[in-house]
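The values are calculated or read from the model by the stated rules, or taken from the named source; none is laboratory data. None of the values given here were measured: they were computed from a predicted structure. Please note: Cβ atoms are built from the backbone with ideal geometry, for glycine as well, and neighbour counts cover all protein chains shown.
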Amino acid sequence: MKQLIRILVLLFCGYTVVGQSYHITVNSDFQADSLHIKSYNNKEHQYQVFQSTPYQKQVIFKGTAPLVPGIYVLEADSTRILEFFISDVRVEKFTINIDQQNIRFKGSPENQANREFIQKMQNYDLKMQQLDQYFQTLKNGEQTLSRERLQLIADSLTQQAELIKKDKLAYQRKTATAYQGTLFSSVILATMEIPSPPVEYYQSKTTYYKYLLDHLFDHYPWRDDRLLNTPIPHNKFQFLAQILLQLEAKDAIPSLIEYLNQSKKSNEQYSSLFDYLETVFGSYQSLLKNEDLYIAMLENALANPAIDEARRERYRFELDIAQRNRKGSQAPEFNILLKNGDTTSLYKMESPYLLLLFQHPDCPACVDLRVRMESMDQLKLNIKSGLLKVITLFYEENEAAWRNYLSKSAHPDYLHGWNYDTKILSDNLYDLRITPMMILVDANKKVVAKDVLPAQLEQLMIDIAKKN
(Lines give C-alpha, C1' and ligand atoms only; values in the text may rest on other atoms or scores of the structure.)
Protein backbone atom coordinates (compact mmCIF):
# COMPACT_ATOMS: atom_id res chain seq x y z
CA MET A 1 0.00 0.00 0.00
CA LYS A 2 2.83 2.40 0.87
CA GLN A 3 4.47 1.60 -2.45
CA LEU A 4 1.23 2.43 -4.30
CA ILE A 5 0.91 5.74 -2.47
CA ARG A 6 4.53 6.58 -3.32
CA ILE A 7 3.87 5.89 -7.04
CA LEU A 8 0.72 8.03 -7.00
CA VAL A 9 2.60 10.90 -5.34
CA LEU A 10 5.36 10.68 -7.93
CA LEU A 11 2.85 10.64 -10.75
CA PHE A 12 0.97 13.62 -9.32
CA CYS A 13 4.20 15.60 -8.78
CA GLY A 14 5.37 14.77 -12.29
CA TYR A 15 2.04 15.94 -13.71
CA THR A 16 2.23 19.13 -11.67
CA VAL A 17 5.73 19.96 -12.98
CA VAL A 18 4.73 19.28 -16.57
CA GLY A 19 1.41 21.03 -16.17
CA GLN A 20 3.23 24.26 -15.29
CA SER A 21 6.07 23.85 -17.76
CA TYR A 22 6.30 27.50 -18.70
CA HIS A 23 4.66 30.62 -17.33
CA ILE A 24 5.80 33.98 -18.71
CA THR A 25 4.08 37.14 -17.55
CA VAL A 26 4.40 40.30 -19.66
CA ASN A 27 3.50 43.64 -18.10
CA SER A 28 3.46 46.57 -20.54
CA ASP A 29 1.70 49.78 -21.43
CA PHE A 30 1.68 50.51 -25.16
CA GLN A 31 -0.67 50.39 -28.13
CA ALA A 32 -0.98 47.02 -29.84
CA ASP A 33 -3.59 44.55 -31.00
CA SER A 34 -1.72 41.40 -30.10
CA LEU A 35 1.43 39.96 -28.57
CA HIS A 36 3.34 37.02 -30.01
CA ILE A 37 6.12 34.75 -28.88
CA LYS A 38 8.18 33.44 -31.77
CA SER A 39 10.57 30.49 -31.67
CA TYR A 40 13.46 29.92 -34.05
CA ASN A 41 12.99 27.21 -36.68
CA ASN A 42 16.46 25.93 -37.53
CA LYS A 43 15.19 24.12 -40.63
CA GLU A 44 13.61 27.20 -42.20
CA HIS A 45 16.18 29.56 -40.63
CA GLN A 46 13.57 32.00 -39.41
CA TYR A 47 11.46 32.86 -36.40
CA GLN A 48 7.89 31.54 -36.48
CA VAL A 49 4.91 32.36 -34.27
CA PHE A 50 4.80 29.98 -31.35
CA GLN A 51 1.99 31.53 -29.30
CA SER A 52 -0.24 34.59 -29.74
CA THR A 53 -2.71 36.42 -27.54
CA PRO A 54 -4.78 39.63 -27.75
CA TYR A 55 -2.98 42.56 -26.19
CA GLN A 56 -3.62 43.45 -22.57
CA LYS A 57 -1.51 45.36 -20.09
CA GLN A 58 -0.80 42.06 -18.42
CA VAL A 59 -0.52 38.96 -20.55
CA ILE A 60 0.43 35.48 -19.41
CA PHE A 61 1.93 33.00 -21.84
CA LYS A 62 1.80 29.48 -20.51
CA GLY A 63 1.70 25.90 -21.69
CA THR A 64 1.83 22.31 -20.52
CA ALA A 65 4.90 21.37 -22.55
CA PRO A 66 8.30 22.88 -21.75
CA LEU A 67 9.82 25.43 -24.09
CA VAL A 68 12.74 24.04 -26.04
CA PRO A 69 15.96 25.81 -24.99
CA GLY A 70 16.83 28.55 -27.48
CA ILE A 71 16.26 32.22 -28.29
CA TYR A 72 12.67 33.46 -28.39
CA VAL A 73 11.27 36.74 -29.65
CA LEU A 74 8.45 38.82 -28.18
CA GLU A 75 6.55 40.91 -30.72
CA ALA A 76 3.76 43.46 -30.45
CA ASP A 77 1.83 43.06 -33.71
CA SER A 78 4.74 42.95 -36.18
CA THR A 79 7.20 44.98 -34.09
CA ARG A 80 9.97 43.14 -32.30
CA ILE A 81 10.16 44.16 -28.65
CA LEU A 82 12.88 41.92 -27.29
CA GLU A 83 14.60 38.57 -27.35
CA PHE A 84 14.86 36.24 -24.39
CA PHE A 85 16.72 33.05 -23.59
CA ILE A 86 15.41 29.73 -22.42
CA SER A 87 18.40 27.80 -21.11
CA ASP A 88 16.83 25.14 -18.94
CA VAL A 89 13.41 23.49 -19.18
CA ARG A 90 13.31 23.49 -15.38
CA VAL A 91 13.40 27.29 -15.14
CA GLU A 92 10.65 28.72 -17.30
CA LYS A 93 8.69 30.96 -14.96
CA PHE A 94 9.52 34.67 -15.00
CA THR A 95 8.06 38.13 -15.55
CA ILE A 96 8.94 40.77 -18.14
CA ASN A 97 8.19 44.38 -17.21
CA ILE A 98 8.22 46.79 -20.16
CA ASP A 99 7.89 50.54 -19.90
CA GLN A 100 9.06 53.51 -21.93
CA GLN A 101 12.36 53.66 -20.08
CA ASN A 102 13.56 50.10 -20.03
CA ILE A 103 12.87 46.37 -19.97
CA ARG A 104 13.32 44.39 -16.77
CA PHE A 105 13.18 40.65 -16.13
CA LYS A 106 12.08 39.31 -12.76
CA GLY A 107 12.86 35.69 -11.97
CA SER A 108 15.38 35.30 -14.80
CA PRO A 109 18.86 36.55 -13.86
CA GLU A 110 20.19 35.35 -17.21
CA ASN A 111 17.79 37.50 -19.23
CA GLN A 112 18.20 40.52 -16.97
CA ALA A 113 21.96 40.22 -17.37
CA ASN A 114 21.47 40.09 -21.12
CA ARG A 115 19.62 43.43 -21.05
CA GLU A 116 22.58 44.98 -19.25
CA PHE A 117 24.97 43.27 -21.66
CA ILE A 118 23.12 44.68 -24.69
CA GLN A 119 23.38 48.19 -23.25
CA LYS A 120 27.08 47.74 -22.61
CA MET A 121 27.69 46.51 -26.17
CA GLN A 122 25.80 49.50 -27.54
CA ASN A 123 28.02 51.80 -25.50
CA TYR A 124 31.15 50.19 -26.95
CA ASP A 125 29.75 50.55 -30.47
CA LEU A 126 28.90 54.20 -29.81
CA LYS A 127 32.47 54.91 -28.70
CA MET A 128 33.80 53.37 -31.91
CA GLN A 129 31.36 55.40 -34.01
CA GLN A 130 32.45 58.59 -32.25
CA LEU A 131 36.08 57.90 -33.06
CA ASP A 132 35.22 57.30 -36.71
CA GLN A 133 33.05 60.42 -36.92
CA TYR A 134 35.81 62.51 -35.38
CA PHE A 135 38.33 61.29 -37.92
CA GLN A 136 35.94 61.84 -40.84
CA THR A 137 35.21 65.37 -39.60
CA LEU A 138 38.91 66.20 -39.53
CA LYS A 139 39.51 64.57 -42.87
CA ASN A 140 36.66 66.35 -44.65
CA GLY A 141 36.55 69.53 -42.60
CA GLU A 142 37.39 73.06 -43.62
CA GLN A 143 40.59 73.07 -41.59
CA THR A 144 43.46 71.85 -43.75
CA LEU A 145 45.73 69.35 -42.04
CA SER A 146 49.01 68.09 -43.36
CA ARG A 147 49.23 64.45 -44.29
CA GLU A 148 51.68 63.89 -41.44
CA ARG A 149 49.33 65.51 -38.91
CA LEU A 150 46.37 63.52 -40.19
CA GLN A 151 48.39 60.30 -39.94
CA LEU A 152 49.35 61.07 -36.34
CA ILE A 153 45.69 61.60 -35.46
CA ALA A 154 44.74 58.40 -37.26
CA ASP A 155 47.37 56.44 -35.34
CA SER A 156 46.13 57.87 -32.05
CA LEU A 157 42.50 57.02 -32.88
CA THR A 158 43.55 53.52 -33.91
CA GLN A 159 45.21 53.01 -30.52
CA GLN A 160 42.07 54.24 -28.78
CA ALA A 161 39.96 51.89 -30.88
CA GLU A 162 42.17 48.94 -29.98
CA LEU A 163 41.81 49.78 -26.27
CA ILE A 164 38.02 49.87 -26.65
CA LYS A 165 38.10 46.49 -28.41
CA LYS A 166 40.33 45.07 -25.71
CA ASP A 167 38.03 46.33 -22.95
CA LYS A 168 35.00 45.00 -24.82
CA LEU A 169 36.55 41.56 -25.20
CA ALA A 170 37.50 41.45 -21.51
CA TYR A 171 33.92 42.35 -20.55
CA GLN A 172 32.49 39.66 -22.86
CA ARG A 173 34.78 37.02 -21.39
CA LYS A 174 34.01 38.06 -17.84
CA THR A 175 30.25 37.96 -18.45
CA ALA A 176 30.43 34.62 -20.26
CA THR A 177 32.36 33.16 -17.32
CA ALA A 178 29.95 34.60 -14.76
CA TYR A 179 26.99 32.92 -16.50
CA GLN A 180 28.80 29.77 -17.57
CA GLY A 181 26.39 26.94 -18.37
CA THR A 182 23.64 29.22 -19.65
CA LEU A 183 22.65 29.81 -23.25
CA PHE A 184 23.43 33.48 -22.63
CA SER A 185 27.08 32.55 -22.01
CA SER A 186 27.23 30.41 -25.15
CA VAL A 187 25.72 33.20 -27.26
CA ILE A 188 28.37 35.62 -26.04
CA LEU A 189 31.15 33.17 -26.90
CA ALA A 190 29.68 32.31 -30.30
CA THR A 191 29.31 35.94 -31.37
CA MET A 192 32.67 37.36 -30.31
CA GLU A 193 34.20 39.39 -33.10
CA ILE A 194 37.20 38.15 -35.05
CA PRO A 195 40.24 40.16 -33.93
CA SER A 196 41.61 42.58 -36.52
CA PRO A 197 44.32 40.95 -38.66
CA PRO A 198 47.89 42.23 -38.31
CA VAL A 199 48.97 44.49 -41.17
CA GLU A 200 50.93 41.76 -42.97
CA TYR A 201 47.77 39.68 -43.47
CA TYR A 202 46.37 42.33 -45.81
CA GLN A 203 49.15 41.76 -48.32
CA SER A 204 47.21 39.11 -50.26
CA LYS A 205 43.67 37.84 -50.52
CA THR A 206 44.78 34.34 -49.55
CA THR A 207 46.50 35.34 -46.29
CA TYR A 208 43.61 37.63 -45.33
CA TYR A 209 40.90 35.02 -45.82
CA LYS A 210 42.98 32.30 -44.21
CA TYR A 211 43.31 34.55 -41.16
CA LEU A 212 39.53 34.92 -41.01
CA LEU A 213 39.16 31.15 -41.32
CA ASP A 214 41.66 30.53 -38.54
CA HIS A 215 39.68 32.72 -36.11
CA LEU A 216 36.06 32.35 -37.19
CA PHE A 217 35.19 29.80 -34.48
CA ASP A 218 37.78 30.80 -31.86
CA HIS A 219 35.32 30.78 -28.96
CA TYR A 220 32.41 28.84 -30.45
CA PRO A 221 30.98 26.31 -27.93
CA TRP A 222 30.44 23.31 -30.21
CA ARG A 223 29.03 21.17 -27.41
CA ASP A 224 26.04 23.44 -26.77
CA ASP A 225 23.19 22.16 -28.96
CA ARG A 226 20.91 24.88 -27.61
CA LEU A 227 22.58 27.25 -30.07
CA LEU A 228 20.93 25.35 -32.91
CA ASN A 229 17.64 26.91 -31.82
CA THR A 230 19.07 30.36 -32.54
CA PRO A 231 20.12 32.09 -35.80
CA ILE A 232 23.78 32.14 -34.73
CA PRO A 233 25.07 28.82 -36.18
CA HIS A 234 23.39 29.43 -39.54
CA ASN A 235 24.93 32.89 -39.77
CA LYS A 236 28.36 31.52 -38.85
CA PHE A 237 28.06 28.68 -41.35
CA GLN A 238 27.04 31.13 -44.09
CA PHE A 239 30.11 33.26 -43.42
CA LEU A 240 32.30 30.15 -43.37
CA ALA A 241 31.02 29.11 -46.81
CA GLN A 242 31.60 32.60 -48.20
CA ILE A 243 35.20 32.64 -47.00
CA LEU A 244 35.94 29.11 -48.24
CA LEU A 245 34.75 30.08 -51.72
CA GLN A 246 37.22 32.98 -51.82
CA LEU A 247 40.14 30.54 -51.69
CA GLU A 248 41.56 27.87 -53.95
CA ALA A 249 40.42 24.40 -52.94
CA LYS A 250 43.91 23.45 -51.73
CA ASP A 251 43.84 26.40 -49.31
CA ALA A 252 40.20 26.02 -48.27
CA ILE A 253 39.99 22.27 -47.66
CA PRO A 254 42.26 22.11 -44.55
CA SER A 255 40.12 24.70 -42.73
CA LEU A 256 36.91 23.04 -43.89
CA ILE A 257 38.06 19.70 -42.46
CA GLU A 258 39.30 21.36 -39.26
CA TYR A 259 35.87 22.84 -38.53
CA LEU A 260 34.03 19.66 -39.45
CA ASN A 261 36.27 17.84 -36.98
CA GLN A 262 35.71 20.47 -34.29
CA SER A 263 31.95 20.17 -34.74
CA LYS A 264 32.13 16.43 -34.00
CA LYS A 265 32.02 17.38 -30.32
CA SER A 266 28.26 17.30 -30.93
CA ASN A 267 26.51 15.05 -33.45
CA GLU A 268 23.78 17.65 -33.85
CA GLN A 269 26.26 20.45 -34.54
CA TYR A 270 28.15 18.28 -37.02
CA SER A 271 24.98 17.39 -38.90
CA SER A 272 23.82 21.00 -38.93
CA LEU A 273 27.16 22.27 -40.29
CA PHE A 274 27.42 19.47 -42.85
CA ASP A 275 23.83 19.85 -44.03
CA TYR A 276 24.19 23.59 -44.56
CA LEU A 277 27.49 23.32 -46.42
CA GLU A 278 26.03 20.52 -48.53
CA THR A 279 23.30 22.86 -49.79
CA VAL A 280 26.03 25.30 -50.87
CA PHE A 281 28.76 23.01 -52.22
CA GLY A 282 26.84 19.87 -53.15
CA SER A 283 23.40 20.89 -54.37
CA TYR A 284 22.57 20.88 -58.06
CA GLN A 285 20.54 24.04 -57.53
CA SER A 286 23.44 25.95 -55.98
CA LEU A 287 25.27 28.48 -58.13
CA LEU A 288 28.16 28.06 -55.67
CA LYS A 289 28.46 24.29 -56.13
CA ASN A 290 32.05 23.22 -55.53
CA GLU A 291 32.93 19.61 -56.18
CA ASP A 292 36.36 19.70 -54.52
CA LEU A 293 34.94 20.97 -51.24
CA TYR A 294 31.96 18.62 -51.40
CA ILE A 295 34.14 15.56 -51.95
CA ALA A 296 36.30 16.56 -48.98
CA MET A 297 33.15 16.87 -46.86
CA LEU A 298 31.84 13.46 -47.94
CA GLU A 299 35.15 11.76 -47.20
CA ASN A 300 35.16 13.38 -43.75
CA ALA A 301 31.60 12.24 -43.04
CA LEU A 302 32.32 8.66 -44.10
CA ALA A 303 35.26 8.61 -41.69
CA ASN A 304 33.02 9.77 -38.83
CA PRO A 305 31.90 6.72 -36.79
CA ALA A 306 28.95 8.67 -35.36
CA ILE A 307 27.22 8.94 -38.76
CA ASP A 308 24.14 6.71 -38.90
CA GLU A 309 23.84 4.05 -41.60
CA ALA A 310 21.16 5.88 -43.60
CA ARG A 311 23.38 8.94 -43.99
CA ARG A 312 26.44 6.78 -44.58
CA GLU A 313 24.75 4.98 -47.47
CA ARG A 314 23.67 8.27 -49.06
CA TYR A 315 27.14 9.79 -48.64
CA ARG A 316 28.76 6.77 -50.30
CA PHE A 317 26.46 7.20 -53.27
CA GLU A 318 27.05 10.96 -53.43
CA LEU A 319 30.81 10.47 -53.28
CA ASP A 320 30.72 7.91 -56.08
CA ILE A 321 28.69 10.29 -58.26
CA ALA A 322 30.79 13.35 -57.39
CA GLN A 323 33.99 11.57 -58.39
CA ARG A 324 32.66 10.81 -61.87
CA ASN A 325 33.11 13.09 -64.88
CA ARG A 326 35.19 15.52 -62.89
CA LYS A 327 36.72 18.55 -64.53
CA GLY A 328 39.80 17.40 -66.44
CA SER A 329 38.68 13.76 -66.60
CA GLN A 330 37.73 11.92 -69.78
CA ALA A 331 34.00 11.82 -70.48
CA PRO A 332 32.69 8.24 -70.84
CA GLU A 333 32.10 7.03 -74.39
CA PHE A 334 28.57 6.15 -75.55
CA ASN A 335 26.75 5.44 -78.81
CA ILE A 336 24.51 7.96 -80.53
CA LEU A 337 21.84 7.75 -83.21
CA LEU A 338 21.56 11.09 -85.01
CA LYS A 339 18.51 12.72 -86.51
CA ASN A 340 19.55 11.79 -90.07
CA GLY A 341 19.78 8.11 -89.16
CA ASP A 342 23.55 7.89 -88.87
CA THR A 343 25.09 6.19 -85.87
CA THR A 344 28.15 7.60 -84.21
CA SER A 345 29.62 7.95 -80.74
CA LEU A 346 30.80 10.76 -78.51
CA TYR A 347 34.47 10.31 -79.39
CA LYS A 348 33.78 10.36 -83.11
CA MET A 349 32.21 13.80 -82.94
CA GLU A 350 34.61 16.60 -83.81
CA SER A 351 34.43 20.12 -82.41
CA PRO A 352 36.69 22.38 -80.32
CA TYR A 353 33.95 22.23 -77.68
CA LEU A 354 30.87 20.08 -77.37
CA LEU A 355 27.98 20.88 -75.04
CA LEU A 356 26.21 17.69 -74.00
CA LEU A 357 22.61 18.51 -73.10
CA PHE A 358 21.04 15.44 -71.50
CA GLN A 359 17.31 15.97 -71.49
CA HIS A 360 13.83 14.57 -71.74
CA PRO A 361 12.13 16.43 -74.59
CA ASP A 362 8.94 17.25 -72.69
CA CYS A 363 10.19 17.94 -69.15
CA PRO A 364 9.23 21.54 -68.20
CA ALA A 365 12.74 22.41 -67.03
CA CYS A 366 14.20 21.12 -70.32
CA VAL A 367 11.74 23.19 -72.35
CA ASP A 368 12.53 26.24 -70.22
CA LEU A 369 16.28 25.74 -70.69
CA ARG A 370 15.95 25.51 -74.48
CA VAL A 371 13.92 28.73 -74.48
CA ARG A 372 16.54 30.49 -72.37
CA MET A 373 19.32 29.29 -74.64
CA GLU A 374 17.61 31.09 -77.53
CA SER A 375 18.45 34.43 -75.92
CA MET A 376 22.12 33.63 -75.14
CA ASP A 377 24.08 35.70 -77.63
CA GLN A 378 27.54 34.29 -76.91
CA LEU A 379 26.21 30.74 -77.16
CA LYS A 380 24.87 31.50 -80.63
CA LEU A 381 28.11 33.22 -81.65
CA ASN A 382 30.18 30.23 -80.53
CA ILE A 383 28.00 27.89 -82.60
CA LYS A 384 28.18 30.17 -85.63
CA SER A 385 31.97 30.48 -85.42
CA GLY A 386 32.42 26.72 -85.21
CA LEU A 387 33.88 26.90 -81.71
CA LEU A 388 30.99 24.91 -80.23
CA LYS A 389 28.50 22.23 -81.13
CA VAL A 390 25.44 21.60 -78.99
CA ILE A 391 23.97 18.12 -78.97
CA THR A 392 20.74 17.29 -77.19
CA LEU A 393 20.79 13.75 -75.89
CA PHE A 394 17.82 11.50 -75.18
CA TYR A 395 18.85 8.44 -73.17
CA GLU A 396 15.65 6.50 -72.42
CA GLU A 397 14.12 3.60 -74.36
CA ASN A 398 11.15 5.54 -75.75
CA GLU A 399 12.23 6.17 -79.33
CA ALA A 400 8.78 7.49 -80.24
CA ALA A 401 9.15 10.36 -77.74
CA TRP A 402 12.50 11.29 -79.28
CA ARG A 403 11.08 11.14 -82.83
CA ASN A 404 8.18 13.36 -81.78
CA TYR A 405 10.68 15.88 -80.36
CA LEU A 406 12.65 15.85 -83.62
CA SER A 407 9.56 16.67 -85.67
CA LYS A 408 8.26 19.42 -83.40
CA SER A 409 10.92 21.00 -81.19
CA ALA A 410 14.43 20.22 -82.47
CA HIS A 411 16.54 23.37 -82.83
CA PRO A 412 18.05 23.62 -86.34
CA ASP A 413 21.43 24.82 -85.03
CA TYR A 414 21.86 21.91 -82.61
CA LEU A 415 22.70 18.26 -83.17
CA HIS A 416 20.18 15.81 -81.76
CA GLY A 417 21.04 12.32 -80.60
CA TRP A 418 19.55 9.25 -78.96
CA ASN A 419 21.57 6.79 -76.93
CA TYR A 420 19.76 3.93 -78.58
CA ASP A 421 21.39 1.13 -76.55
CA THR A 422 20.63 3.07 -73.32
CA LYS A 423 24.12 2.34 -71.93
CA ILE A 424 24.16 5.82 -70.37
CA LEU A 425 21.47 4.67 -67.96
CA SER A 426 22.24 0.99 -67.62
CA ASP A 427 25.95 1.58 -66.97
CA ASN A 428 25.30 4.75 -64.96
CA LEU A 429 27.85 6.65 -67.06
CA TYR A 430 26.57 10.09 -66.07
CA ASP A 431 24.65 11.42 -63.09
CA LEU A 432 21.22 12.10 -64.54
CA ARG A 433 19.16 12.25 -61.36
CA ILE A 434 18.20 15.77 -62.37
CA THR A 435 17.44 16.82 -65.92
CA PRO A 436 18.33 18.78 -67.87
CA MET A 437 22.01 18.11 -67.26
CA MET A 438 24.73 19.95 -69.18
CA ILE A 439 28.39 18.94 -69.49
CA LEU A 440 30.94 20.81 -71.59
CA VAL A 441 33.82 18.81 -73.09
CA ASP A 442 36.74 19.89 -75.24
CA ALA A 443 38.02 18.44 -78.52
CA ASN A 444 39.69 15.56 -76.66
CA LYS A 445 36.50 14.88 -74.72
CA LYS A 446 37.98 16.09 -71.47
CA VAL A 447 35.40 17.56 -69.13
CA VAL A 448 35.64 21.36 -69.00
CA ALA A 449 32.58 21.87 -66.80
CA LYS A 450 29.90 19.57 -65.42
CA ASP A 451 26.50 20.18 -63.86
CA VAL A 452 26.35 23.52 -65.70
CA LEU A 453 23.35 25.54 -64.51
CA PRO A 454 21.33 27.65 -66.95
CA ALA A 455 22.42 30.82 -65.13
CA GLN A 456 26.08 29.82 -65.64
CA LEU A 457 25.93 28.81 -69.29
CA GLU A 458 26.32 32.18 -71.02
CA GLN A 459 29.28 33.17 -68.85
CA LEU A 460 30.88 29.81 -69.62
CA MET A 461 30.44 30.57 -73.32
CA ILE A 462 32.11 33.95 -72.85
CA ASP A 463 35.02 32.31 -71.01
CA ILE A 464 35.78 29.74 -73.72
CA ALA A 465 35.47 32.40 -76.43
CA LYS A 466 38.13 34.50 -74.67
CA LYS A 467 40.48 31.50 -74.52
CA ASN A 468 40.14 30.93 -78.23
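Okay, here's what the table says:
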item: Complete set of residues in the range 296-326 that are of a type in the set (V, I, T) and either touching a Cys at 6+ places or on another chain (Cβ under 9 Å) or closer than 20 Å to K446 by Cα (or both); result: I321
item: Complete set of residues in the range 272-288 that are assigned to a loop (DSSP other than H, G, I, E, B) and crowded, with 19+ Cβ neighbours inside 10 Å; result: G282
item: Residue selected from the range 191-246 under the condition within 20 Å of Q262 (Cα to Cα) and of a type in the set (K, R), by the criterion modelled with the lowest pLDDT; result: K210
item: Matching residues in the range 347-400 - criterion: being of a type in the set (K, R) and either under 22 Å from Q285 (Cβ atoms) or out of contact with any strand residue (DSSP E or B) (no Cβ under 9 Å at 6 or more places or on another chain) (or both); result: R370, R372, K380, K384
item: All positions within the range 56-103 that are in contact with a helix residue (DSSP H, G or I) (Cβ under 8 Å, 6 or more places away or on another chain) and in a loop (DSSP other than H, G, I, E, B); result: T64, A65, P66, V68, P69, S87, N102
item: Only listed residue being outside the structural domain of E92 (by TED's automatic domain parsing), under 16 Å from Q269 (Cα atoms), surrounded by 14 or more Cβ atoms within 10 Å (Cβ to Cβ) and without any contact (Cβ under 8 Å) to a residue 40 or more places away in the chain, chosen from L169, L212, L240; result: L240
item: Residue within the range 129-139 that is charged (D, E, K, R), part of a helix (DSSP H, G or I) and under 35 Å from the mean Cα position of the chain (by Cα) present; result: yes
item: Filtered residue count, the range 29-72, keeping only those that are within 34 Å of the chain's Cα centre (by Cα), surrounded by fewer than 16 Cβ atoms within 10 Å (Cβ to Cβ) and of a type in the set (A, V, I, L, M, F, W, C); result: 3
item: Qualifying positions in the range 197-219 - within 21 Å of L245 (Cα to Cα) and in a loop (DSSP other than H, G, I, E, B); result: P197, Q203, S204, L216, F217, D218
item: Verdict on I98 being in contact with a strand residue (DSSP E or B) (Cβ under 9 Å, 6 or more places away or on another chain) and of a type in the set (V, I, T); result: yes
item: Hey, N398 surrounded by fewer than 17 Cβ atoms within 10 Å (Cβ to Cβ), of a type outside the set (G, A, S), modelled with pLDDT under 95 and within 27 Å of N444 (Cα to Cα) or not; result: no
item: Residue check, E162 modelled with pLDDT under 95, in contact with a helix residue (DSSP H, G or I) (Cβ under 8 Å, 6 or more places away or on another chain) and either closer than 30 Å to K38 by Cβ or of a type in the set (D, E) (or both); result: no
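Yes/no matrix, rows are residues, columns are (1) over 33 Å from the mean Cα position of the chain (by Cα); (2) of a type in the set (V, I, T); (3) modelled with pLDDT of 95 or more:
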site: K408; (1), (2), (3): yes, no, no
site: N419; (1), (2), (3): yes, no, yes
site: N428; (1), (2), (3): no, no, no
site: D431; (1), (2), (3): no, no, no
site: L440; (1), (2), (3): no, no, yes
site: V452; (1), (2), (3): no, yes, no
site: Q456; (1), (2), (3): no, no, no
site: D463; (1), (2), (3): no, no, yes
